[in-house]
Amino acid sequence: HPVDWPTRDLLSHRVAVTPQRTALLDEETGATWTYRELDRRVDRVAASLEEFETGRDQPRLGVLMDTRPTFVTVFFAAMRAGLTVVPLNVRETVAELAGKAERTAPNAVVCERDTESMALEVVDAFESDAATESPAVLTVDEPANGRTRRLRASVDAGEPDATPLVEPVSLERDDPLVIMFTSGTSGEPKAVRLTVGNLVASATASAFRLGVDPDDRWLCCLPMYHMGGLAPVLRSTLYGTPVVVQRSFDRHETARVLDEYEITGVSLVPTMCKRLLDAGWVSTESLRFVLLGGAPASSELLERCRTASVPAYPTYGMTETASQIATATPAEAASHEGTVGQPLVFTDVTVVDDAGEPVPAGETGELVVSGPTVTPGYLEDEHTDTAFGEHGLYTGDVGYQDEDGRLWVLNRRSDRIVTGGENVDPGEVIAVLRAHHHVEDAAVVGLADDEWGERVAALVVPDAELGSDGDGALEPHSLLAHCTPHLAGFKRPKTIGVADSLPRTASGTVDRDAVRDRLLEDGVDVSGAA
Ligand code: ATP
Ligand code: MG
């Protein structure tokens, strides 16, 4: 038998070493829990979850809960009891959630007071086939409905030295720990299988890039049903440092928490960072790093961070790699404009051309990633088959690497516009539009066109000074005139719209379908202009 590394859940290891250290601080209620207190709660929840293990090789637990310490409790309890966690997005509709529940077939769904009625509706909408039973609904709070069952002693820490009720299961490296859905930017969200090994490798590699200080304190204000919210919790448990949990982002509240709790690290999507800066946020002495990921951080945003002494680390990551792939330091981001830095240790990125052949440094192609953080595959085999190739996982992202391995992410493969047989890189058009001194942001998409197949279309956001009904400087025809000297005819937008903001997905990426809808509705056709 090969040497493997059977392990217990991360919390079991942690509590044995530093039981008295703070694990969680709940910004909402002011409560704080030590690792010992968290462990006690987890033990009890795990005891009541054990009933759901029966009859299934890899039992699954849906979690329909907000970003709160109880989410963390349920997560570690599932890990202790050997269940795979399926985090569900509380902002989705019942129909969307029922679809996800059908695909993942959880044995039970855990909810809380706020989500109980939704969980019951999801389970009612769930079409169980012969092989799967409709999931049970469990809650960490007092049930409001007779059909919901309460998890035993879930919020009661119990006697501090009470005998544990459960023996933590032994986990192998390749055991599934989470099924995490992608953000669905390019289609229906994909269900990504992440193993114990993926998540431990991710936390370890992240520590090698950012360092760990015993006094670190991470703020988690991204939803825990996305990698960006779950990763800080797993990392901190491995490192033995506390996490401050904030249920949702709010520019004023988050700025206050960063300050009051003397936060040392936080993950944000670029739009959140921008909103914080707009609200007058300046860094505290204690802040060590702000990971900016999920979407590109513009040079302008990074410049504003420098002015406010915010240590911004542009980061490229994805659900399929349990978060970070590459992260740039603030110094690197300043000296190499637009970079997301070098891949984390153990992670390899290969840039390949359309034929799948690696290209030399400086040349653009699709980014292919490999290493221990990379998922073994999606829940649905057809996605796995198309995503994996010779050099690893094909990310669908387009970019290039310099001689030192620093990475630039330009756009997604699927964003490429083909007009009259010519390829247009939306990033190039966006860069020209953004160079206009009254343009704050822009999105460029292809719209179906009878003559050209697709035509280039742009949705432009004026800067705050100007506003969307400003002085006419951002009138579509004058925007086109601005592009004319910089872009070949086929690259110039044929349809231009102006909006207050770009529609975005929950994880901060531009929602391209919504951009298309906006442009179809009120974009101006400028194709006739000279
Ligand atoms: P789906 O896979 O369902 O289309 P998604 O790719 O948006 O959704 P996530 O896993 O949340 O789902 O996001 C990862 C993607 O976000 C990356 O593949 C990349 O396209 C984009 N991304 C992340 N960080 C950056 C960055 N720093 N710069 C540019 N793009 C980024
Ligand atoms: Mg993706």
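The values are calculated or read from the model by the stated rules, or taken from the named source; none is laboratory data. A quick note: this is a predicted structure, and the numbers were derived from the prediction, not measured. Here the Cβ is made from the backbone with ideal geometry for all residues, glycine too, and neighbour counts use every protein chain on show. When the accessible area is computed, the model is the full protein with side chains, heavy atoms only, and any ligands, DNA or RNA have been set aside. Shrake-Rupley method; radii C 1.70, N 1.55, O 1.52, S 1.80 Å.
Residues in the range 299-316 that are open to solvent by less than 30 Å² (accessible area, probe 1.4 Å) and either within 11 Å of ligand 1 (Cβ to nearest atom) or within 30 Å of Gly377 (Cβ to Cβ) (or both): 3 in all. Restricting the search to the range 184-232, which residues are in contact (Cβ under 8 Å) with a residue 24 or more places away in the chain and among the charged types (D, E, K, R)? If the condition is that a residue be in contact (Cβ under 8 Å) with a residue 24 or more places away in the chain and among the charged types (D, E, K, R), then Lys190, Arg193, Arg209, Asp213, Asp215, Asp216, Arg217 are the ones that fit.
Restricting the first member to the range 364-383 and to residues that are over 21 Å from Asp348 (Cβ atoms), and the second to residues that are open to solvent by 40 Å² or more (accessible area, probe 1.4 Å), the beta-carbon pairs closer than 9 Å and six or more apart or on different chains are Leu379/Arg103; Leu379/Lys190; Leu379/Arg193; Glu380/Arg103; Glu380/Lys190; His383/Lys190. Exactly one residue out of Val374, Val398 is under 15 Å from Val352 (Cβ atoms) and either within 15 Å of ligand 1 (Cβ to nearest atom) or not basic (Lys, Arg) (or both): that is Val398. Could you check, for the range 353-367, whether at least one of its residues is crowded, with 20+ Cβ neighbours inside 10 Å and within 15 Å of ligand 2 (Cβ to nearest atom)? There is at least one residue in the range 353-367 that is crowded, with 20+ Cβ neighbours inside 10 Å and within 15 Å of ligand 2 (Cβ to nearest atom). Selection over the range 486-509 of residues that are crowded, with 16+ Cβ neighbours inside 10 Å and under 14 Å from Ile417 (Cβ atoms) gives a count of 7.
The condition of being within 14 Å of the chain's Cα centre (by Cα), open to solvent by less than 20 Å² (accessible area, probe 1.4 Å) and more than 22 Å from Val109 (Cβ to Cβ) holds for Pro232.
Could you tell me how many of the residues in the range 510-530 are of a type outside the set (Val, Ile, Thr), under 21 Å from the mean Cα position of the chain (by Cα) and surrounded by 20 or more Cβ atoms within 10 Å (Cβ to Cβ)? Within the range 510-530, residues that are of a type outside the set (Val, Ile, Thr), under 21 Å from the mean Cα position of the chain (by Cα) and surrounded by 20 or more Cβ atoms within 10 Å (Cβ to Cβ) number 1.
Restricting the range 401-419 to residues that are at pLDDT 95 or above and farther than 14 Å from Asp353 by Cβ, the residue that is farthest from ligand 2 (Cβ to nearest atom) is Glu403.
Count of the range 252-273 residues, restricted to those that are open to solvent by 10 Å² or more (accessible area, probe 1.4 Å) and over 21 Å from Met318 (Cα atoms), is 9.
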